[in-house]
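**Student:** Below is the structure I would like to discuss, written out as C-alpha cells.
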C-alpha cells in the first residue's frame, strides 16, 4: 500500500510540474472581463495580416489553399494601402478606418514637433505609449461594448489605447512556433462563451522579411508565401474542429517592389540647427525649427533634386491624404523628399535591401496589398475591384454588430458588396 501511495504521489507531482511548465506566461490576460449576454450571441472574426503580401503573390507562387479559400469566398483584385505604404501606419489604418495622417502614426518613424519627440517602431516603450495613437481600434470599440478580443500580434495591440487593453494579447516576438500560435487561437475559441473572444487578430512577418532581403521575385519569398499558405490552412482546420462558424479576413499592409539599389540617391544634408530630419529610403521629412527657413531650403532642394520629388507639406497630392489639411496630429514634415520609383535614398549607413515598399500606391501598383475573406458572413465566389484599406474597419464592425460614432475615412461601400444581406 505504501509503495502504491508513493508511486501515486510521484505521478501527481510530475503532472503538477508538467501543468505548470505548460502555462503560457507570455500571454497577457486582462482580469475581470466577460462578454455580455448580448455579445455572446455575436459572430466571430479572425483577422489575419500577412505583412508584405503583394496583391499578386497568391497566383504567382501558387498558394493553393488561399486561392481555394478566396474562390469560395471573396477576393479583391487588390487592396490599396494608405500612404506611405509601410507597416505601422497601414496596420493601424486597417483597425481604425483612418488614414495615417488622421490617426497619428504617419510613418514607421517620425518626429512630433509638439511633443519634441521621435516615434520609432523599434522603440518598445514608445510603441506601448497609448498617447501616440488616435482613433479607436476595433478591439477597443469591442471591449467598450462588452465584447472580448484577443491578439497574437498587431501594431498597437500592446498599448492601452483610451485606457483599454485587449482581454488577451502578446508582446511581439518572432520565436514562437506557428503550431503554438494556432493552438492558442483554438484555446481561446474553446473558452466558455462568457470568456471567449469574438475578434482575434493574427500577424505573420515572414513574407515581408524575405521580400526585403531577397526581393519580391525570389525563391525565398516564394517559400514564405507557401509557408503562409500551409499555416493558414492549418489554422482554418484547427478552428473548424471547434465547431464554431468563424469568419476569416486575410489582409496585408502593403506590397513589395524591386528598387535600384545599385544607384542610390545621396540624401541631401539638412542644417541641423534649422531642421530635424526623420524618414528612410522612400520618404524623408524635414521639420523646421523656424518656419521662415522652410521656403529657402525648399527652393534649394528643388533646384538640386535629381531622381526625387520635393514637396512642401501644403502641396502634397490630395490623393495621398498626407498634406497640411490632413495633418491632424502635426506629425508630417514641412518639406518632404520622395524618390521616384525605382530610385531610393541612401539613408545614412543603412543597408539598401533588394525589396522595398512605401511608394505612392496610385503610381506603383506593386504597393498594392491582398484582401480575401471567407465564412458565413461573406458572399461566395465573389471578385471585386480594388478598394482602399480604410474600408476594412466598417466590414468588421458590421459583422460583429459594433456601433461607432466617431468620424472615420472608410465607407460602407465594400461591406455592402461583400457581406451577406
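Here, each number is a calculation from the coordinates, and none is a lab measurement. On a predicted model such as this, the values are computed, not experimentally measured, just so you know. FYI the Cβ positions are ideal-geometry reconstructions off the backbone, even for glycines, and counts take in every protein chain you see.
**Student:** What is the chain's relative contact order, in percent, from Cα pairs under 8 angstrom and six or more apart in sequence? Before the final figure, lay out each step's value.
**Tutor:** Values: 859 pairs, mean separation 123.9, N = 421.
It rounds to 29 percent for the chain.
**Student:** Continuing with the same structure: In what sequence do 230, 304 fall when counting other Cβ within 10 Å, fewest first?
**Tutor:** Details: 230 14, 304 10.
Least to most surrounded, the residues fall as 304, 230.
**Student:** Neighbouring Cβ atoms within 10 Å as the yardstick, rank 209, 102 fewest first. Display every interim value, and only then the final one.
**Tutor:** On the way: 209 18, 102 23.
Ascending Cβ contact count within 10 Å gives the list 209, 102.
**Student:** Quick check: the angle from helix 219-240's long axis to the longest principal axis of the chain, C-alpha only, nearest 10 degrees?
**Tutor:** 40
**Student:** Right, another one. When DSSP beta bridges are limited to those with both residues in the chain, what percentage is antiparallel, rounded to the nearest 5? Spell out each step's value before the answer.
**Tutor:** On the way: 32 of 57 bridges.
Antiparallel bridges make up about 55 percent of those DSSP assigns within the chain.
**Student:** Based on Cα coordinates alone, diagonalise the gyration tensor for region 190-270, multiply each eigenvalue by 5, take square roots, and list the semi-axes in whole Å, largest first.
**Tutor:** On the way: eigenvalues 291, 56, 13 Å².
Each semi-axis is √(5λ); the values are 38, 17, 8 Å.
**Student:** While we're looking at this one, here's another question. Arranged by the count of other C-beta atoms within 10 angstrom, fewest first, what order do 99, 203 take?
**Tutor:** On the way: 99 25, 203 20.
Taking fewest neighbouring Cβ atoms as first place, the list is 203, 99.
**Student:** Ignoring solvent entirely, what values of log10 I(q)/I(0) come out of the Debye formula for region 265-356 at 0.20 Å⁻¹ when each Cα is a single scatterer?
**Tutor:** Each listed q maps to, in turn, -1.00.
**Student:** Here is a follow-up. Per 0.36 nm of contour for each residue apart, how much would the distance between residue 118 and residue 183 grow if the chain were fully extended, relative to their Cα-Cα spacing? Can you show the working numbers first?
**Tutor:** Numbers: separation 65, 0.36 × 65 = 23.40 nm, distance 3.74 nm.
Here the answer is 19.7 nm.
**Student:** Roughly what percent of Cα-Cα pairs across region 215-259 reach past 15 Å? Spell out each step's value before the answer.
**Tutor:** Values: 584 of 990 pairs.
When all Cα pairs of region 215-259 are counted, 59 percent exceed 15 Å.
**Student:** Helix 87-96: angle to the longest alpha-carbon principal axis of the chain, degrees 0 to 90, nearest 10?
**Tutor:** Tilt relative to the chain: about 60 degrees.
**Student:** Can you tell me the length gained on complete extension of the stretch residue 266 to residue 328, counting 0.36 nm per residue apart and subtracting the Cα distance?
**Tutor:** On the way: separation 62, 0.36 × 62 = 22.32 nm, distance 3.11 nm.
Full extension of this stretch gives 19.2 nm more.
**Student:** How big is the gap, in Å, between the Cα center of region 178-234 and the Cα center of region 27-79?
**Tutor:** Between the Cα centres of region 178-234 and region 27-79 lies a distance of 10 Å.
**Student:** Give the relative contact order (percent, whole number) for region 288-421; include only Cα pairs under 8 Å separated by 6+ residues.
**Tutor:** Details: 101 pairs, mean separation 21.9, N = 134.
Rounded, it is 16 percent for region 288-421.
**Student:** When the chain is fully extended, how far beyond the present Cα-Cα distance does residue 244 get from residue 144, taking 0.36 nm per residue of separation? Can you show the working numbers first?
**Tutor:** Details: separation 100, 0.36 × 100 = 36.00 nm, distance 2.38 nm.
Gain on extension, residue 244 to residue 144, equals 33.6 nm.
**Student:** Over the alpha-carbon set of region 121-207, divide Rg by the Kirkwood Rh and report the Rg/Rh ratio to two decimals. It would help to have the intermediate numbers written out before the result.
**Tutor:** Values: Rg = 13.3 Å, Rh = 13.7 Å.
With Rg and the Kirkwood Rh in hand, the quotient comes to 0.97.
**Student:** Run lengths n ≥ 4 of DSSP H only: what is the helix-derived mean residue ellipticity at 222 nm for the chain, with -39500 (n - 2.57) per run over all residues, to the nearest 500? Don't jump to the answer; show the numbers that get you there.
**Tutor:** On the way: 13 runs with 127 residues, N = 421.
Here the helix-only value at 222 nm equals -9000 deg cm²/dmol.
**Student:** What distance in nm separates the two pseudo spin-label positions at residue 290 and residue 413, each 7 Å out from Cα along the beta-carbon direction?
**Tutor:** 4.6
**Student:** In percent, how large is the relative contact order of region 265-356, given Cα pairs closer than 8 Å and 6 or more residues apart? Before the final figure, lay out each step's value.
**Tutor:** Details: 120 pairs, mean separation 33.0, N = 92.
Computed over region 265-356, the figure is 36 percent.
**Student:** While we're on this one: For the pair residue 24 and residue 227, what calculated FRET efficiency results from E = 1/(1 + (r/R0)^6), where r is the Cβ-Cβ distance and R0 = 25 Å, to the nearest 0.05? Display every interim value, and only then the final one.
**Tutor:** On the way: r = 23 Å, r/R0 = 0.93.
After rounding, the FRET efficiency stands at 0.60.
**Student:** Computed FRET efficiency, Cβ-Cβ of residue 175 and residue 300, R0 35 Å: what is it to the nearest 0.05? Walk me through the numbers before you get to the answer.
**Tutor:** Numbers: r = 48 Å, r/R0 = 1.36.
In this case the efficiency is close to 0.15.
**Student:** Taking the simple approach of a point 7 Å from Cα along Cα-to-Cβ for both residue 351 and residue 56, what is their distance in nm?
**Tutor:** My value for the distance between the label points is 2.7 nm.
**Student:** I'd like to know how region 138-293 sits against the 2.2 N^0.38 Å rule of thumb: what's its Cα Rg over that expected value? Before the final figure, lay out the partial values.
**Tutor:** Values: Rg = 21.0 Å, N = 156, 2.2 N^0.38 = 15.0 Å.
Taking N as the residue count of region 138-293, the ratio is 1.40.
**Student:** Which log10 I(q)/I(0) values, to two decimals, does region 83-158 give at q = 0.13, 0.22 Å⁻¹ under the Debye formula with one point per Cα?
**Tutor:** Log10 I(q)/I(0), no solvent term: -0.37, -1.02.
**Student:** Show me 344-356, 362-374 ranked by packing, highest mean number of other Cβ atoms within 10 Å first.
**Tutor:** Working: 344-356: 16.5, 362-374: 22.1.
Those peptides, ordered most packed to least, come out 362-374, 344-356.
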